[in-house]
1. Based on Cβ point charges of +1 for Lys and Arg and -1 for Asp and Glu, what charge dipole magnitude is obtained for segment C:96-195 about its Cα centre, in debye rounded to the nearest 20?
2. Going down the list C:K186/C:K306; C:K146/C:K256; A:K59/B:K135; B:K40/C:K704, which pairs span over 20 Å between their C-alpha atoms?
3. Tell me, how many Å apart are the Cα centres for segment B:205-251 and for segment C:77-108?
4. For segment C:671-777, with the dipole built from +1 on Lys and Arg beta-carbon atoms and -1 on Asp and Glu ones, taken about the Cα centre, which of C:M707, C:A749, C:L680 lies farthest toward the positive end?
5. In terms of Cα to Cα distance under 19 Å, which aspartates and glutamates are near enough to C:K54, apart from those fewer than 8 places away along the same chain?
6. Counting partner chain Cβ atoms within 10 Å of every residue's Cβ in A:52-61, what's the average?
7. Quick one: Cα centre-to-centre distance for segment A:18-82 and segment C:441-503, in angstrom?
8. How many percent of the accessible area of chain A is carbon or sulfur, using a 1.4 Å probe?
Amino acid sequence: MKTEISVTINGEAHTHEVEPRLLLIHYLRDVVGLKGPHIGCETSICGACTVAVNGKAVKACTMFAVQADGAEILTVEGLAENGKLHPLQEAFWNEHALQCGFCTPGMLMTAKELLQRNPNPTEEEIRHGLEGNLCRCTGYQHIVSAVKAAAARMGG
Amino acid sequence: MIPQNFDYAAPSTIEEALELLADPEAKALAGGMSLIPLMKLRLAAPGRLVDLRRIAGLREIRQDDGALRIGALVTHSEIESSPLVRSRCPLLAETASHIGDLQVRNAGTIGGSIAHNDPAADYPAALFALEAKVKVAGKGTERTLPLEELVVDAMVTALEPGELITEVIVPVEAASTGTSYQKMRQPASGFAIVGVAARLEKSNGRIGSVRVGVTGLGPSGFRARRVEELLDGTAGSDGEIREAAAVVAEGVEANADLHASADYRRHLAQVFTVRAIRAALARAS
Amino acid sequence: MATTVTKTEPIVGKGVRRKEDPRLITGTATYVDDIEMPGMRYAAILRSPHAAAKILRIETSAAAAHPGVVAVFTGDDTRDVGPVPCAASLPGLRAPEHKVLATDRVYYVGHPVAVVVAADRYVAQDALDLIEVEYEPQPAVADPEKALEPGAPAVHPEWPDNRAFTYQHEGGDAAKAFAEADVVVKQRIVSQRLIPTAMETRGVVAAWDAGMRTLTLHSSTQIPHLMRSLVAAMVGMPENRLRVVTPEVGGGFGSKLNVYAEEALLAWISMRIGKPVKWIESRRENYQATIHGRGHVDYYELAARKDGTILGLKAKIIQDCGAYHQLLTPAIPTLSLLMAPGIYRFRNVSAEIIGVFTNCVPTDAYRGAGRPEATHCIERMVDLLAAELKMDPAEIRLKNFPGPDEFPFETGTGLSYDSGDYAAPLKKAMEIAGYEGLREEQRRARNEGRFLGIGISTYGEICALGPSSALPAGGWESATVRVEPSGKVTVATGTSPHGQGEETSFAQIVADELGVDLDDVEVIHGDTGIVQYGIGTFGSRTLAVGGTAIHYACQDLKTKIKQWGAMLLESDDVRFEGGACVCNKTGKSVPLAEIAAAAYRALKLPPGAEPGLVATRFWEPSNFTFPFGAHIAVTEVDPETGQVEIKRYVAVDDCGRIINPLLVAGQIHGGVAQGLGQALYEEAVYDENGQLVTGELMDYAVPKATMVPHIESSHTETPSPVNPLGVKGVGEAGTIGCSPAVVNSVVDALSPLGVKHIDMPLTPEKLWRLIAKGGQA
């Protein structure tokens, strides 16, 4: 039995009939067509699927689309505004904070919340904040630098 | 990995939810952090999910009669960052900050965690040390019981079919109380291999009102009463702390898995009991 | 016609930000699971839950009747597909036939048994549950040493001794060296099985075009052209009707340097059903059915004089192959053998490899591929020798390096090290770390009963794979550089970068050579329909071999450009500089864009020239390159819990000339994190029945941000004479250098207890037990 859901994604309203078991990540990727968030595991560890639901970073692979009914969702595709990259995106680019890029959309979304909560984090706080996002390429060092650089730029 | 199909309902009142949960095929869905991964691996396949998120009143934290009443749907990150919890019951806030990761803390709820009763969950250590109580609603029933009576075994609670945790009640702590949660993380999952929470008071150079809660060691979290007895009334010297901590694993059937043997867990329980008590003592005034 | 030339600053050597990144940071890059096609179907694969079993019966009718299911196939249907190829050959190699779907037996947990094709991935997964397979479980063996014991269960019944191959090498006179030695140290050293864990799992989209009779295969791979050749053979179609496209690839680390059953299976299904079909591996499948790395049990003996001069080495290398040979499985330990002497001067080497079948997923190349195992062993052995002789581990290394004037240096395993100054990075790392001060701090810590350790590893690598004689499919690389009519430049490389950043470093090389802006160079790769045949990205080869091909194509192109420039400038004395041809006599110049326009318009041609400005080069290297370096790890072990804290990590790497320091730093950091994962956290654990215990990221500890230290990275730069760029390669350096540095450090920390060796991973419990038992294992 399908259920109707209405969500706002990156500022756009969407209404769809979905199976209750449809995971939010599959809804975003396969129904709405937003391929930015990725799937890297099924046990809520890797964080590649991270999106913001009502302003909170969550793992979209561990949430049913029906649970997001009525929510405001932000994905990596909605980070840049009017064609201008978000300071975190700029910083990830400048600091070489990504290699294969697969974890990057999730990493950016978590980093965004991290800086909202703590505009001037220490290296330790950044590393703790990013524990839910695995990166196999960078060894995290440039990611930490990028989050610091973005914090400085955002006036933290 | 994809869950099996199920029916879904998102009632807006407790009464409706309890009505729906009377169906033996039904299971309550809170944050989903425990249930959804199991469903994706097809290790759980409930016929119906009753999503609690629309129910008003389950998301509040309030202070009442010397206690904090925390709604079952309050997330770990809300507990971690709540000024009320941080000032009135800092042990719970500290423990919440150790759970999983930022995204998991944003979604996972205290009620869901308690109902799931994972032996490696972080909360039980603090909740046992705080002598927490849990309010449980059933169809036409309501009861409040100490956590000790709720937890039964690994992944098993005394919740009757159709019952729902609605509230967690922890005491308001005096500012002079010292508390600490110390854990060894399972490196992959972030769960506790062993976690120990301690709260104590200090007056006239003596330790009093010690409560020690332990998680990860046994099939469920527990209160280490023998440790408390040995420590109560002592000056809290290093020797006294070690002596008390030495008995923490007595009589506990320790867990063993890929990440830690039973011996090692017993040993860690002692180490982290010492560390938690020391840290709590340093914070007590 | 302009008369001034703007001499632009060289961009090679600068840490410019990557050209790849805009699509990756905005979520607009296309990975294989992002591909959608009209009418596309989804495949899900049923895998064996047993490590060894006979298949008695497979019942697929309920699955086939499930609404939304298009087809269900089993091994009976796919008998004519395959086999899954092994490209490595060794004398006497036993190669079991490796079908794409199991037929009468399964050999490891995760072995593909049946495939469901359905309208969507949810339905496909549902239908998998409806397939009934009756198995008759057989005894299994998961441990390579147990598999070699008499009476062990036979993985393949036709070879009851479980030996896949043996391989021997004698260099110099090891027997004499050991006879003359004052001291011999011996150690059994395990390099455990690891799971590569690229963040993107594997995935395939196969699309058969019935009208064109062509098949397009999108696959997350490191080797698109080799895949085209091999999959064409597996499905029996002409190679020139198969197009392999590598979209964005979310990490490989060797795990996608392969051709798997699923690639041919999906190709076959698409032809069979006449629709595009997609399969995306779940993480659980990725852990069960994508190759693992390492899997060594090595027995080493090192002979030396009492002054610390190393005389010779004996090594027995036991390689856990798993149940089959994947593309390069048997070749990986041969790299270990080649690298066995490390970067030391001795030439007497006696080594043997025993390849062993087990009921586990095959091992194959994982970042470093054979070289981390060898480096770990020799670096542990040198520390054991230093301890035996009570010498400082730095001193004993410095004593045994060949000097900078001894290159090319011929090794006892038949290699010729290209260039090196092995003492330089060690001395630099010691200076950065403050080695003497650290030893002083260590003495103080020991007096306080603390376990503080300082570990050194000095490593070498075999990179830029490699001369064609050393690789089963050729070791050259190709490049086409074209100046388009507008003067913009397109580079097509046969390599297949997937995160390393060569779209940027290649563009830097071309921008300097042709005097154009970085933004005017586009690098394309990973599409056999538009790129000339190539080999791919692995073995730290992309820049050193693929970049060199580009360099030479640029030289050819410059010759052509000068021909056209000379014609346009009406001079026979021109030079090409700063993006323009300049007449040496008059100083007049003509910019590249005008030359390009003239070359394509072709109203007039220089003598002997053809229209257009295109050059293609296939470059064959004369040798490998041999990067090297020194890593120092400072660790402290918590005596109560056994937890290791990395207090400092210093990495000084020499990868030859550096094209982009930002990219080099990224490779070192990431490599170190993977080496550290092996040293401290990661292990693929199979139980005695062959069940994979670490089957998910919940249990297999890929390092998180909190588990990796800040890395103090620096370099020495010794150019390689093998290629004109002077580059050596850096993709695997961090991984190779790291694990011995960390283990040496922790052993050093616990040496007051008499600890001499600990096998990886150094889990807290393992260390706690050692400490609790006063150092006795």
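The values are calculated or read from the model by the stated rules, or taken from the named source; none is laboratory data. Just so it is clear, the model here is predicted, and its values are computed rather than measured. Every residue, glycine among them, receives a Cβ derived from its backbone with ideal geometry; neighbour counts consider all protein chains shown. The area values use the complete protein model at the heavy-atom level, side chains included, leaving out ligands, DNA and RNA. Shrake-Rupley method; radii C 1.70, N 1.55, O 1.52, S 1.80 Å.
1. Numbers: 9 positive and 17 negative charges, 66 e Å.
Using only the charged Cβ atoms, the result is roughly 320 debye.
2. Working: C:K186/C:K306 16 Å; C:K146/C:K256 29 Å; A:K59/B:K135 29 Å; B:K40/C:K704 23 Å.
Beyond 20 Å: C:K146/C:K256; A:K59/B:K135; B:K40/C:K704.
3. Going from one Cα centre to the other spans 59 Å.
4. C:A749
5. C:D76, C:D77, C:E97, C:D104, C:E132, C:E134, C:E136, C:E158, C:E688
6. Numbers: counts 2, 2, 1, 1, 8, 7, 11, 10, 1, 4.
The mean count of partner-chain Cβ atoms within 10 Å per residue comes to 5.
7. After rounding, the separation between the Cα centres reads 35 Å.
8. Working: 2330 of 4880 Å².
So the carbon and sulfur contribution to the accessible surface is 48 percent.
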